[in-house]
Structure formats: C-alpha cells, structure tokens
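In what follows, a single structure is set out as structure tokens and then discussed.
Read the figures in this text as sums done on the coordinates, not as results from a lab. Everything numeric in this text was worked out from a predicted model, so none of it was measured. Cβ placement follows ideal geometry from the backbone for every residue including glycine, while neighbour counts extend to all protein chains displayed.
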Number of protein chains: 2
Amino acid sequence: MTRSFTPPARVLLGPGPSDVPARVLLAMARPTIGHLDPAFIAMMEEVKALLQYAFQTRNGATFPISAPGSAGMEACLANLVEPGEVVVVCRNGVFGGRMGDLVGRLGGVPVFVDSPFGEAVDPDQVASALKAHKDARLVACVHAETSTGVLSDVRAIAQVAHAHGALVAVDAVTALGGVPLAVDEWELDAVYAGTQKCLSCPPGLAPLTFNERALAKVRARSHKTASWFLDLNLLMGYWGAGGRTYHHTAPINMLYALHEALVMLEEEGLEASWARHRVMHERFVAGIEALGLDMAVAPAIRLPQLNSVSVPSGVDEARVRRRLLEEWGIEIGAGLGELAGRVWRIGLMGAGSNVRNVNLCLDALRAALAG
Amino acid sequence: MTRSFTPPARVLLGPGPSDVPARVLLAMARPTIGHLDPAFIAMMEEVKALLQYAFQTRNGATFPISAPGSAGMEACLANLVEPGEVVVVCRNGVFGGRMGDLVGRLGGVPVFVDSPFGEAVDPDQVASALKAHKDARLVACVHAETSTGVLSDVRAIAQVAHAHGALVAVDAVTALGGVPLAVDEWELDAVYAGTQKCLSCPPGLAPLTFNERALAKVRARSHKTASWFLDLNLLMGYWGAGGRTYHHTAPINMLYALHEALVMLEEEGLEASWARHRVMHERFVAGIEALGLDMAVAPAIRLPQLNSVSVPSGVDEARVRRRLLEEWGIEIGAGLGELAGRVWRIGLMGAGSNVRNVNLCLDALRAALAG
C-alpha cells in the first residue's frame with residue numbers, strides 16, 4: 001500500500017515556486033463547490049477585479065488560465081498568432097526561446113532579436129527588426145527573465161512595437177507583484193503571468209489580460225486557434241461579463257488559493273509589495289558582496305525577486321545547492337541554458353521576500369562555501 | 001478591501017466536481033515544495049504507479065496533464081492527430097462533439113458517427129464509418145458520457161478500430177474509478193480522465209495514459225504538435241523514466257491532492273469502488289422509481305455514477321434545482337445540449353457515492369416536487 005505523502009520542510013528560495021503562506025494553503029483546503037455555483041461565480045468576479053488591480057488595468061478580459069504559466073504563454077500566443085504571420089521574438093533567456101518555439105508550432109514565423117543571456121532586450125534592436133520585417137504584427141518579450149534574473153523595459157518595447165503597427169505580448173510570470181508593471185499606462189496589449197512567484201500562491205494558474213486591440217485581433221482571426229482549451233473566444237464566454245457559458249471545469253480550489261493570495265496583495269498594497277521586494281534585494285546584495293561573491297547581472301537591470309549570483313571559480317555549484325537543501329532545507333536554483341553551472345538563482349519572491357530568509361540564505365551560503 | 005472567500009456548505013451531486021474528502025483537502029494544504037525537489041520527484045513516481053493501477057495498465061506513459069479534463073482531451077488529440085488526417089469521432093453527447101471540434105482545429109478531418117443523445121455508441125456504425133473512410137487512423141470516443149449519463153462499450157469500439165488499422169482514443173473523464181475500465185486488457189491506445197469525478201479530488205488535473213502503439217504514432221509525427229504545453233515528446237522527458245528535464249512547473253499542491261485521492265482508491269480497492277458505485281446507483285434508482293419518476297437512460301447503458309432522471313411534464317426543472325441548492329445545499333446538474341430542460345443529472349461519484357447522499361437526495365427531490 002502506498003502511504004500518504006508528507007513533504008519535507010523547505011524554504012523555497014529558488015526561481016519558483018516560492019513559499020506559500022498558511023493563509024493561502026488553508027484557503028485552498030476549503031470545501032470544493034461547483035464551478036457554476038452562484039457563490040463561486042461571485043468569487044470569480046472578485047478574482048477578476050483583484051487581477052485588474054495586480055496588473056494595473058481596466059481590461060475586461062482579465063482572468064486566470066486554468067493551468068500553469070507555460071499555458072499562459074500558450075494562451076497568449078495561440079490566440080494572437082495566425083499561420084504565416086511574422087512575430088518578432090525577443091530572446092535574452094530561456095523563456096524568449098520558448099516563445100519562439102511556440103510561434104513556430106502555431107504556424108507563425110519567429111524572427112529573433114537576440115541579446116546575450118544576462119542582458120536586457122534592446123528596444124533599438126526591436127525597432128531594427130520591425131523595420132526589416134514590415135509584415136510583423138506582434139512583438140513577444142519577457143518582462144522578468146526567470147532564467148537569468150534580468151528585467152527588460154517592456155514599456156519601451158511596447159512603444160517601438162506600436163510605432164510600427166505591431167502589438168506586444170509580454171511574459172510577466174515572474175514580474176507580477178514583484179516589480180512595477182502597469183499594463184494600461186504602458187499600453188501592453190497582452191500579458192500573462194504565473195501564480196507561484198511573487199503572488200505566493202502554488203503553481204497551477206496563469207493570470208492573463210488582453211486589451212481591446214489584442215481582443216480585436218483575436219475576434220478577427222481567419223482560422224480558429226488550434227486550442228479549444230485556450231480559445232479566448234470561448235474563455236470570454238466563461239469568464240466574461242454576463243451569463244456564464246460552460247466551457248471547462250475550473251480548478252476550484254486553486255482559484256480559492258489565488259483569491260486569497262490576491263486579497264493579501266491588496267491588503268499589503270501593490271506599491272508596498274514592490275518596495276519590499278526592492279529593499280530585501282538590496283539587503284541581500286549587500287550580504288552577497290560582504291561574502292566576497294558577485295552578482296551576475298548589472299545593477300540597473302537586476303530583478304529584485306530573482307538574484308543571479310556568480311559561482312566563484314573552483315566551487316562545485318551543485319554541491320553547494322545540495323548542502324543548502326540537505327543541511328538547511330533551503331532550495332535555490334541552478335543556472336539554465338547558457339548560464340548552467342555559472343550562476344545560482346536565488347529567489348526572494350512574494351511572502352518569501354523577508355529579512356529572515358535573506359539572513360538565513362546568507363548564513364547558509366557562508367557555511368556551505370566555507371567547506 | 002476584498003474579504004477572504006468562504007464557500008457555502010454544499011453536497012455536490014451534480015456532474016462534477018464531486019465532494020472532496022477532508023483527507024484530500026488537507027493533503028492539498030501541505031506546504032508547497034519545489035517541483036525538482038527529490039522528495040517531489042519520488043512522489044511523482046508514486047502518482048504514476050497509482051494511476052497505472054487506476055487505469056489497469058502497465059503503460060510507462062501514464063501521468064497527469066497539469067490542467068483539467070478538457071486539457072486531457074486536448075493532450076490526447078493534439079499529439080495523435082496530424083493535419084489532413086481523418087478521425088472517426090463517435091458523438092452521442094456533448095463531449096463527443098467537442099472532440100470533433102478539436103480534431104478540426106488541429107487540421108484533422110472529423111467523420112462523425114452519431115447516436116441520439118441518451119444512447120450508446122454503436123460499434124457496428126463505427127465499423128461502417130471505417131469501411132467508408134479507409135484512411136482513418138484514429139477513432140475517438142467517450143466511455144462515460146457526462147452530458148447524458150450513458151456508458152458505451154469502448155472495448156468493442158477498440159476491437160473494431162484495430163480490425164481496421166486505426167487506434168482508439170478514449171475519454172474516461174467520468175469513468176475512471178466509477179465503472180470497470182481495463183486499459184491493457186481492452187487494448188485502449190490512448191485514454192484521458194479527470195480528477196473531479198470518481199477520484200474525489202478537486203478539478204485541475206487530467207490523468208493520461210498512452211500505450212506503445214500510440215506513442216509510436218506520436219514519435220513518428222511529421223509536424224510538431226501545435227501545443228508546447230501538451231507535447232507528449234516533451235512531457236515524457238519530465239514525467240518519464242530517468243532524469244527529469246525541466247518542462248513546465250507542475251501544480252505541486254494539486255498533485256498532493258491527486259496522490260492522496262489515489263492512495264484512498266488503492267486502500268478501498270478498485271473493484272470495491274466500482275461495486276460501491278453500482279450498489280448506490282441501484283439504491284438510488286429504486287428510490288427514484290418509488291417517487292414515480294423515470295430514469296432517462298435504458299438500464300443496460302446507465303452510468304452508475306451519473307444518473308439522468310427525466311423531468312416530469314409540467315415541472316419547472318430549474319426551480320427544482322434552485323430549491324435543492326437553496327434549501328438543502330444540494331447541487332445537481334441540468335441537462336446539456338439536446339437534453340437541456342428534459343433531465344436532471346444526478347452524480348453519485350467517488351466518496352459522494354454513499355447511502356447518506358442517496359437518502360438525502362431522494363428526500364430533497366420528494367420535498368421539492370411536492371410544491
């Protein structure tokens with residue numbers, strides 16, 4: 001007979017998931033009700049309003065996709081890309097590369113704007129790509145690259161895209177709640193996020209928002225999107241204003257968790273959450289430098305919620321991670337792609353971005369590096 | 001400020017979700033850990049083994065898709081259907097129709113085998129369709145049609161498909177755990193299910209199993225599937241044997257819930273679970289007939305876990321459902337599609353299939369129909 005699973009005690013300081021507060025875990029454990037129950041539908045409306053706050057948008061089409069962040073990427077692109085369309089894809093990490101793969105699967109033609117891993121997307125290069133590909137109707141980029149710890153200026157990228165008649169689709173999986181993001185003010189057309197980073201919620205949902213320009217492109221499609229599950233025309237009937245048309249069965253308890261996590265964000269205040277991530281990051285960086293270690297990313301483009309720390313030469317990076325996990329219960333992340341073996345990725349995300357974790361992580365690193 | 005959400009007390013006797021036992025809810029509330037944590041990876045292996053038991057298969061490719069049942073349908077078809085391929089789609093309810101829509105979105109050509117809503121799929125009609133469309137390489141059908149309460153003989157359909165050189169893809173969303181299903185013995189090539197029906201787990205995951213024939217078709221694809229999120233070639237790297245290759249972030253806490261629900265299924269025993277669903281169904285039917293009501297589906301093809309009861313003429317069916325919800329806290333389902341307004345769909349699924357619920361539902365129906 002298989003036994004019930006009891007997870008080990010961990011402190012999640014990797015690239016996500018981040019630690020989930022007891023309030024959110026307990027919200028998730030409330031009894032499941034039906035997805036067409038009037039009480040549940042009222043809660044869905046609150047989730048939409050809370051997500052509008054988190055995204056800083058009035059977009060009516062703002063709701064969570066019923067699957068993790070990767071499905072948010074897929075929902076975004078599967079609705080916006082039609083076969084044969086050229087899409088400018090900004091690639092300065094793993095997730096930009098994934099967007100390009102997906103554009104190709106959808107029958108689109110990705111044109112990459114490449115920056116080295118560890119650097120931000122250059123809006124001038126995006127402009128050049130749009131000049132060279134006048135038929136491009138979409139620019140896809142990542143706000144907070146989880147694979148490198150780099151912040152790109154998606155507002156500037158959106159301005160460039162719009163100047164060339166293209167829409168912009170933004171990956172805000174790691175950004176939402178952790179760094180300033182203003183969907184309406186910055187005129188971002190389509191944005192998706194995740195729950196397991198700075199929202200302090202378990203993984204499993206992907207908040208999404210589309211503005212009117214993006215919705216108009218979806219409504220004017222000449223081919224139905226290949227995905228029934230992610231078709232925004234159908235999802236709007238389920239999540240949109242007015243009567244609910246049955247689509248899929250929403251992940252009820254995950255939505256309880258997201259609701260509670262967003263209530264907590266509203267209680268703290270979005271600006272206060274951004275400021276907390278910033279202050280804890282500065283405290284962490286000071287500690288890292290005091291240990292004689294270097295941050296891998298330039299100060300101006302560092303993500304406060306995901307800190308890439310250079311592995312000193314001669315240090316076995318996997319051994320350090322293993323010691324942190326086994327001796328301290330601390331999970332930190334390895335480098336991905338070009339940065340594999342060269343950095344540790346240390347997340348200070350959501351509720352996990354606090355003084356106790358900063359101190360704990362620095363103490364543990366000091367001990368592990370001492371041998 | 002938005003307040004925390006507290007769901008109303010409900011007894012879920014609709015088409016799903018079904019009531020979730022406290023054991024499963026509390027398992028879901030255990031602290032989130034990382035999806036690459038050795039302890040989590042060990043739990044994933046147990047989930048796979050428990051799903052093999054539930055599906056009665058030795059297929060290595062047996063794991064849950066990280067999204068609800070509809071995404072299971074999509075994972076199944078998006079991997080098995082290539083552009084231009086003919087697929088015989090058995091349609092005796094809403095979910096067969098959805099499969100046909102999806103085949104079309106994927107560039108396939110659906111050929112429908114239609115049966116009236118409320119009747120089972122006729123294997124002879126499937127044989128005729130395969131004779132008329134010799135290029136068909138796949139038959140898609142629903143084991144337990146949630147929209148009508150009808151069981152089809154998927155074993156016979158699989159035999160017909162194989163005799164004509166086609167594979168069979170089976171929707172077992174409502175079937176798994178509630179009625180006999182033997183993937184290997186019946187030679188079902190690709191099967192997907194849901195968690196929120198007879199497994200007594202919240203919605204949000206879709207157990208899936210592919211045999212070697214189905215995997216060979218996926219490996220031999222000439223086009224990558226349109227979905228990155230659901231690409232089985234990538235998912236096998238994440239869930240398959242050997243090292244874990246990062247794909248998406250699994251919905252950790254939902255997987256805790258599924259693990260616990262499957263441990264409970266193993267403790268009860270699959271045959272015992274099937275028998276309990278059967279016995280409670282018989283008790284329920286006897287009570288319905290004692291109330292002077294009629295079952296809408298012929299006895300031989302009735303689903304024990306989803307009972308379609310005919311609405312008597314002159315009765316306002318929506319008012320009865322509303323009274324059950326408001327006065328008794330009981331959720332039952334309305335008819336879907338052709339059966340809208342004509343039946344109630346009463347679920348006795350998973351842990352909810354018990355004497356207390358049968359008696360409660362019959363009492364409530366008696367009271368609501370009395371005026």
Task: DSSP bridge pairs, the range B:22-266: antiparallel proportion in percent, nearest 5 - done: 35
Open item on the list: Amide H of B:D114 versus every other amide H placed in the peptide plane: which residues, excluding those fewer than 5 positions away on the same chain, fall under 5 Å?
Closed with: B:R91
Task: Residues A:T2, A:T32 arranged by fewest to most Cβ contacts within 10 Å - done: A:T2, A:T32
TODO: Taking amide H positions as placed in the peptide plane 1.01 Å from N, state which residues far from B:N307 in sequence (5 or more) or on other chains have amide H under 5 Å from it.
DONE: B:I346, B:G347, B:L348
Task: Point-to-point label distance, B:E185-B:I41, nm (Cα→Cβ direction, 7 Å offset) - done: 3.6
Task: Fraction of antiparallel bridges per DSSP, the protein assembly as shown only, in percent to nearest 5 - done: 50
Task: Calculated FRET efficiency for the pair B:D114/A:R244, C-beta based, R₀ 30 Å, to 0.05 - done: 0.60
Open item on the list: Give me the net charge for the shell around A:T174: Cβ to Cβ below 11 angstrom, other residues only, Lys and Arg +1, Asp and Glu -1.
Closed with: 0
Open item on the list: Counting only helical runs of four or more DSSP H residues, what would the 222 nm mean residue ellipticity of chain A come to if each run contributes -39,500 (n - 2.57) and the total is spread over all its residues?
Closed with: -12500 deg cm²/dmol
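Taking each residue in A:253-265, count the Cβ atoms of any other chain within 10 Å of its Cβ, then average. What number comes out? Walk me through the numbers on the way to the answer.
Values: counts 15, 9, 4, 5, 5, 0, 4, 3, 0, 1, 5, 1, 0.
Mean shielding by partner chains, rounded to a whole number: 4.
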- [ ] Shielding by partners for A:36-49, please: the mean number of other protein chain Cβ atoms within 10 Å of each residue's Cβ.
- [x] 3
TODO: Report, for A:A370, each distance to the same residue's label point in the other copies, shortest first and in nm; define the point 7 Å along Cα→Cβ.
DONE: 7.7
Task: Cut-off under 5 Å, modelled amide H: who pairs with B:V87 long-range - done: B:V109, B:V111
Open item on the list: Distances in nm, one decimal, shortest first, from A:E185 to the same residue in every other copy, taking the label point 7 angstrom along Cα→Cβ.
Closed with: 6.5
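Take the alpha-carbon positions of chain B, form their convex hull, and give its projected area averaged over all directions (one quarter of the hull surface) in nm².
Working: hull surface 77.2 nm².
Result: 19.3 nm².
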Task: Karplus 3J(HN,Hα) series, Hz, for the range B:146-161 with 6.51 cos²θ - 1.76 cosθ + 1.60 (x for Gly, Pro) - done: 5, 7, 10, x, 10, 9, 10, 8, 6, 5, 5, 5, 4, 4, 4, 4
- [ ] Output ³J(HN,Hα) for the range B:97-110: one whole-Hz value per residue in order, computed from phi by the Karplus curve 6.51 cos²θ - 1.76 cosθ + 1.60 with θ = phi - 60°, and x for Gly and Pro.
- [x] x, 5, 4, x, 4, 5, 4, x, 4, 7, x, x, 10, x
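Between A:Y53 and A:L291, 0.36 nm times their residue separation minus their Cα-Cα distance comes to what? The partial results should precede the final answer.
Details: separation 238, 0.36 × 238 = 85.68 nm, distance 3.88 nm.
Full-extension gain reported as 81.8 nm.
I need to check one value: relative contact order of the range A:22-266, counting alpha carbon pairs closer than 8 Å and at least 6 residues apart, in percent.
Taking the mean separation of contacting Cα pairs over the length of the range A:22-266, I get 28 percent.
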Task: Whichever aspartates and glutamates have a C-alpha closer than 15 Å to that of B:K224, once near sequence neighbours (fewer than 8 apart) are set aside - done: A:E74, A:D101, B:E74, B:E82, B:E85
Task: Mean-position separation - Cα centroids, the range B:18-74 and the range B:217-289, in angstrom - done: 7
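Residues with beta-carbon under 12 Å from that of B:A368, excluding B:A368: net charge, scoring Lys, Arg +1 and Asp, Glu -1? Walk me through the intermediate numbers first.
On the way: positive: B:R319, B:R321, B:R322, B:R323, B:R366; negative: B:D316, B:E317, B:E326, B:E327, B:D363.
The answer is 0.
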Task: Packing-based order for A:301-312, B:111-122, A:204-215, A:138-149, using average beta carbon neighbours within 10 Å, highest first - done: A:138-149, A:204-215, A:301-312, B:111-122
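More than 51 Å apart: what percent of Cα pairs in the protein assembly as shown qualify?
Numbers: 31529 of 274911 pairs.
Here the tail beyond 51 Å accounts for 11 percent of pairs.
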TODO: Among the lysines, select those whose C-alpha is under 28 Å from the C-alpha of B:K131, and discard any that sit fewer than 8 residues away in the same chain.
DONE: B:K217
Task: Any cysteine of the protein assembly as shown lacking a neighbouring Cys Cβ under 4.7 Å - listed by number - done: A:C76, A:C198, A:C201, A:C361, B:C76, B:C198, B:C201, B:C361
- [ ] With label points built 7 Å along Cα→Cβ from the Cα atoms of A:E267 and B:E266, find their separation and express it in nm.
- [x] 3.8
- [ ] Between copies, how far apart are the A:A132 label points? List them in nm, one decimal, shortest first, with each point 7 Å from Cα toward Cβ, please?
- [x] 5.3
Task: Hz values of 3J(HN,Hα) by residue in the range B:204-217 - Karplus curve (6.51, -1.76, 1.60), Gly and Pro given as x - done: x, 9, 10, x, 9, 9, 10, 8, 5, 4, 5, 5, 4, 5
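DSSP loop (so not H, G, I, E, B), at most 15 other Cβ within 10 Å: list which chymotrypsin sites (Phe, Trp or Tyr not before Pro) in the range B:213-305 pass both filters.
Answer in residue order: B:Y246.
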- [ ] Only residues of the range A:1-41 count here: report those whose backbone N is under 18 Å from the spot 7 Å along Cα→Cβ of A:E326, or say none.
- [x] A:8-11
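For the range B:1-69, give the magnitude of the charge dipole about the Cα centre (Cβ charges: +1 Lys/Arg, -1 Asp/Glu; no others), in debye to the nearest 20.
Working: 6 positive and 4 negative charges, 39 e Å.
Using Cβ point charges on Lys, Arg, Asp and Glu, the range B:1-69 gives about 180 debye.
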TODO: Let me know the mean shielding of A:95-102 by other chains, meaning the per-residue number of their Cβ atoms within 10 Å of its Cβ.
DONE: 1
- [ ] Rank A:S128, A:S66, A:S313 by mean-square fluctuation in a GNM of chain A with C-alpha springs under 10 angstrom and give only the top-ranked residue.
- [x] A:S313
Task: Protection proxy ranking, peptides B:78-87, B:351-360, average beta carbon neighbours within 10 Å, highest first - done: B:78-87, B:351-360
